[in-house]
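Derivation of every value follows stated rules applied to the coordinates shown; laboratory data play no part. Please read all numbers here as calculations on a predicted model, not as lab measurements. Here Cβ is always computed from backbone atoms with ideal geometry, including for glycine, and neighbour counts include all displayed protein chains.
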Amino acid sequence: MSKKYDIDVQVATHYIEEQSDPEQSLYVFAYTITITNVGSTGVKLLKRHWVITDANGQVQEVRGEGVVGEQPHLAPGESHQYTSGTHFRTEVGNMIGTYLMEADDGVRFDAEIPRFTCYVPGQLH
């Protein structure tokens, strides 16, 4: 039995060497997120909230409307995929967050974005 409000979030990351500058402690990453509505009612993504932490423990919070300029609506079973980017001052960092969703019946809820790690290849064992 599926839940009425249920969102699955999958993340893939990629280090962008050509935009990074290790001498300036700048490490750039792309992340591709796939959001799937596995619930039984349609939902719209309204806002995002990120907590971004580098290897030195420096935390940055980012809040905003939608994702990459969109507020996608997902019917049950539909997915939305987008790619965005971030940068760190360290070779390793992680991100975690939530999407504020609004179901077609007006109920608002947070969809969890699981913690994921961005790292320069060869930096994690």
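In order along segment 85-98, the Karplus-derived 3J(HN,Hα) couplings, from 6.51 cos²θ - 1.76 cosθ + 1.60 at θ = phi - 60°, round to x, 8, 9, 10, 8, 10, 6, 9, x, 9, 9, 8, x, 9 Hz, and Gly and Pro are given as x.
For the pair Asp105 and Val38, label points projected 7 Å from Cα toward Cβ lie 2.0 nm apart. Neighbour counting of Cβ atoms within 10 Å sorts the residues Ile7, Ile16, fewest neighbours leading, into Ile16, Ile7.
Rounded to the nearest 20, the size of the Cβ-charge dipole of segment 7-119 about its Cα centre is 240 debye, with Lys and Arg at +1 and Asp and Glu at -1. Ordering Val11, Pro72, Thr41 by Cα displacement along the dipole of segment 7-119 toward the positive end leaves Thr41 in first place; charges were set at the Cβ atoms of Lys, Arg (+1) and Asp, Glu (-1). Amide H contacts under 5 Å for Tyr5: Ser40, restricted to partners 5 or more places along the chain or on a different chain, H placed in the peptide plane at 1.01 Å from N. When only alpha carbons are used to place a centre, segment 4-42 and segment 67-92 end up 6 Å from one another. Other residues with beta-carbon under 15 Å from the beta-carbon of Gly39 carry, at +1 per Lys or Arg and -1 per Asp or Glu, a net charge of -4. Taking all Cα pairs closer than 8 Å and separated by 6 or more residues, the relative contact order of the chain comes to 29 percent.
Distance between the modelled labels on Ala75 and Lys4, one decimal in nanometres: 2.1 nm (7 Å Cα→Cβ projection). Residue by residue, segment 66-73 carries 3J(HN,Hα) couplings of x, 9, 6, x, 10, 10, x, 9 Hz when phi is fed to the Karplus relation 6.51 cos²θ - 1.76 cosθ + 1.60 (θ = phi - 60°); x denotes Gly or Pro. Using only the C-alpha atoms, the convex hull of segment 42-125 corresponds to 107 Å³ per residue.
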